[in-house]
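The next block holds one structure in the form of structure tokens; read it before the comments.
Here, each number is a calculation from the coordinates, and none is a lab measurement. Since this is a predicted model, take the numbers as computed values, not measurements. As a convention, Cβ positions derive from the backbone with ideal geometry for all residues, glycine included, and neighbour counts pool all protein chains shown.
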Amino acid sequence: MIATRNAYGDWLAENGGNKDIVVVDADLSASTKTNQFAAKYPDRFFDVGAAEQNLIAFASGLALGGKKVFASSFAYFQTARAWDQIRNLVAHDKLNVALVSSHGGLSCASDGASHMAIEELAIMRVIPNMQIIVPCDAEETKTALDTIMQSQGPFYMRLRREKEHILEKNYDFKLGKAEVMREGSDVSMITTGGMVYYSLQAAEALAAEGVEAEVISVHTIKPFDKLAIIKSAKKTGAVLTVEQHQVAGGLGGLVAETLSENYPTLMKRMGVDDSFSETARTYNELLVHHGLTSPDIQAAAQTLIEKARK
């Protein structure tokens, strides 16, 4: 089990020999793991302190100077405190700045609501030119970073604090391509990030009951793979979205928008339901609190299938 933030730090250290890469942090390098790059390449690492707006402005200047910039902080701080600069500098001018944020979703459990990014996918996906990636595990984090390195324009990547399982995959990462992790015909589980693992567990439990759930990992929130979602909805007739985000505006909202315009389908969104989260000792306690465990997903899928069959 490896945390996605650790994979990011490893990738930076492994690829830092490329002198086009510059890393900027906002006083959280030990948590975001950019300190690994700082130790090897101190001349191309800058810590601006707890000043996220300055972080974005500083990164923008480096990008205008021809650098490939990786700017990091906690997901909530980076997106909420510096949204103006992200919109008007990075996105408007299509700069080569990758906003790679740690502690996304519920993974900042012990720090409480003030540190939890459970709204940022909504506010980032409405920004023109912004590309958004939420990798399902540490392995995919590295392949996604390879893609960012080879691509142009701004990116937002949400990473997480907790150690997570490395998932079995039968695909090569492609920006904008949703991936079918498990084929099924009874219900479509459309999920992202750390919830892919729990959705796959729920699908395994459903299979033991004779229910075949299709699990789709949406590692790229934007550009969004509408065709994959529509295809799965046509196959199953029931769609369940699962994410560590407010049910409004995130993946669930994106899928609902897509299906309402293209193939209206019975649907349920699982996530944080219009509330702030709690402070908890462990990440798992928050999954229980918000009804996002594998048994919760299994139960929601069963209820949705029953409705679809009436």
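Assorted remarks:
- When the Cα atoms of the chain are aligned to their principal axes, the ranges along those axes come out at 63, 40, 33 Å in descending order.
- Computed over neighbours whose Cβ is under 15 Å from that of R44, the net charge equals -1, Lys and Arg +1, Asp and Glu -1.
- Over all directions, the projected convex hull of the C-alpha atoms in segment 2-164 averages 8.0 nm² in area.
- Among the trypsin sites (Lys or Arg not before Pro) within segment 233-303, those in coil by DSSP and having at most 10 neighbouring Cβ atoms inside 10 Å are R281.
- DSSP-loop GluC sites (Glu not before Pro) across segment 198-306, with at most 11 other Cβ within 10 angstrom: E209
- Placed amide H near Y263: partners under 5 Å, 5+ positions off or other chain: none
- Compactness of segment 179-309 was expressed as the Cα radius of gyration divided by 2.2 N^0.38 Å, which yields 0.98.
- Quick note on segment 168-241: its Rg to Rh ratio, both from C-alpha atoms and Rh being the Kirkwood radius, is 0.95.
- Remark: the chain carries a charge dipole of roughly 620 debye about the Cα centre, counting +1 on each Lys and Arg Cβ and -1 on each Asp and Glu Cβ.
- In segment 136-178, the GluC sites (Glu not before Pro) that fall in loop regions by DSSP, at most 11 other Cβ within 10 Å: E168
- What the Cα atoms of segment 1-94 give is an Rg and a Dmax of 12.7, 38 Å.
- The lysines whose alpha-carbon is closer than 22 Å to the alpha-carbon of K268, local same-chain residues fewer than 8 away aside, are K222, K226, K231, K234, K235, K307, K310.
- Relative to the Cα centre, the charge distribution of segment 48-190, modelled as +1 at Lys and Arg Cβ and -1 at Asp and Glu Cβ, gives a dipole magnitude of about 440 debye.
- Backbone amide hydrogens, once placed in the peptide plane, bring K222 within less than 5 Å of I132, excluding anything fewer than 5 places away on its chain.
- Radius, Kirkwood style, for segment 42-85 when every pair of distinct Cα atoms is counted (Å): 10.8 Å
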